[in-house]
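K.L.:
Structure below; questions to follow.
Please treat every number below as a calculation from the coordinates, not as lab data. Remember, it's a predicted structure, so these values are computed and weren't measured experimentally. Cβ placement follows ideal geometry from the backbone for every residue including glycine, while neighbour counts extend to all protein chains displayed.
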Amino acid sequence: MKTNLLKHLSWTEFERRMDYTKLVIIPSGAFEVYGPHLPLGTDTLVSSKIAEILANNVTAIIGPTLEVGDSATLDEFPGTITIKPESFKNYMWDTLKSLERWGFKDFLFINTHVGNVPIINQLSSDLQRNSEIRCAQVDYWRFLKNFDEGIIETGALAHAHASEAGTSVMLCLYPELCDTEKAVNEPPNFTDTYPDIIQYHKLTSITKSGTIGNATVGSREKGEQIVKKSVDRILSFLEEQWGYDIEDNRKYS
């Protein structure tokens, strides 16, 4: 069976593949509450699956998944796991330097956890001190806001935590892990009267379920449309900006 996952390759097959590509896709996410209807690993599951879809359409290897991030603001919900940002940074840096050592030049991060964004930005800047290296990050949940026109129904809250967009994407990618009977409609119970000042609120002060918005209107059909549009955009970037050939027969599942 063909695989693009580094962890599934023998060292000899890895060496052979490196003759054909210098592109590594690195998924990262988190283990945290994602409403009562979605699994704790939603972030990591989504980034991993999007990486797989991309690698089915462009010659690339999928590197190690950075599964756990800093979820301290959500850790009052059972099952949430958090690691310190410096631990995440050091672990990812060592991973990147190992991949660089074996010849990768292009690093594409598919990231589904907002707390990882600034760390990946820092690491990418440091990695690109080598002029042969190129880095790009897709902050996936925020990225999806560009592709929801005519699809979502609930406005800005559609992209809030475990809401319409996230639920729809999971119904598309992992329907067997979604329990839609437990989906809720819970608007935020906190109004920020000082949005111009950065504050640090626990998620439990905003939602009791771990959902912010209306998850009940999520659907597989919406997820399929959003995922397809987002994948097309990333593939266009790889083709037009980084010069990779994209297969004509694109697959989305």
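K.L.:
Placing unit charges on C-beta atoms (Lys and Arg positive, Asp and Glu negative, everything else neutral), compute the dipole magnitude of the range 105-251 about its Cα centre in debye, rounded to 20.
P.N.:
About 320 debye.
K.L.:
Whole-Hz Karplus ³J(HN,Hα) for the range 26-37, in order, using 6.51 cos²θ - 1.76 cosθ + 1.60 and θ = phi - 60°, x for Gly and Pro?
P.N.:
10, x, 9, x, 7, 10, 7, 3, 9, x, x, 10
K.L.:
Expressed as a rounded percentage, what relative contact order does the chain have, with Cα pairs under 8 Å and six or more residues apart?
P.N.:
23
K.L.:
To check you understand DSSP bridge types, tell me what percent of the beta bridges within the range 90-240 (both residues inside) are antiparallel, rounded to 5.
P.N.:
Percentage antiparallel, nearest 5: 25.
K.L.:
Along the charge dipole of the chain, pointing to its positive end and built from +1/-1 on Cβ of Lys, Arg, Asp and Glu, which listed residue (LEU127, TYR174, SER48) has its Cα farthest out?
P.N.:
Of the options given, the answer is LEU127.
K.L.:
Hey, another quick one. Give the percent of DSSP beta bridges with both residues in the chain that are antiparallel, rounded to the nearest 5.
P.N.:
Roughly 20 percent of the beta bridges in the chain run antiparallel, per DSSP.
K.L.:
Is it possible to state the helix-based mean residue ellipticity at 222 nm for the chain, with each DSSP H run of 4+ residues giving -39500 (n - 2.57), the sum divided by total residues, to the nearest 500 deg cm²/dmol? What is it?
P.N.:
The helix contribution divided over the chain gives -10500 deg cm²/dmol.
K.L.:
Right, next: Which of [x] 1.02; [y] 1.08; [z] 1.13 is the computed Cα Rg over 2.2 N^0.38 Å for the structure on display?
P.N.:
The calculated read-out lines up with [x].
K.L.:
Follow-up. Hey, how many Å between the Cα centroid of the range 149-187 and the Cα centroid of the range 50-106?
P.N.:
Taking the Cα centre of the range 50-106 as reference, the centre of the range 149-187 is 24 Å away.
K.L.:
For the range 126-253, what does the relative contact order come out to in percent, with C-alpha contacts under 8 Å and a separation of six or more?
P.N.:
Normalised by residue count, the contact order of the range 126-253 is 31 percent.
K.L.:
Hey, got a sec? Which trypsin sites (Lys or Arg not before Pro) in the range 154-253 land in a DSSP loop and have at most 10 other Cβ atoms within 10 Å?
P.N.:
Within the range 154-253, the qualifying trypsin sites (Lys or Arg not before Pro) (loop, at most 10 other Cβ atoms within 10 Å) are LYS251.
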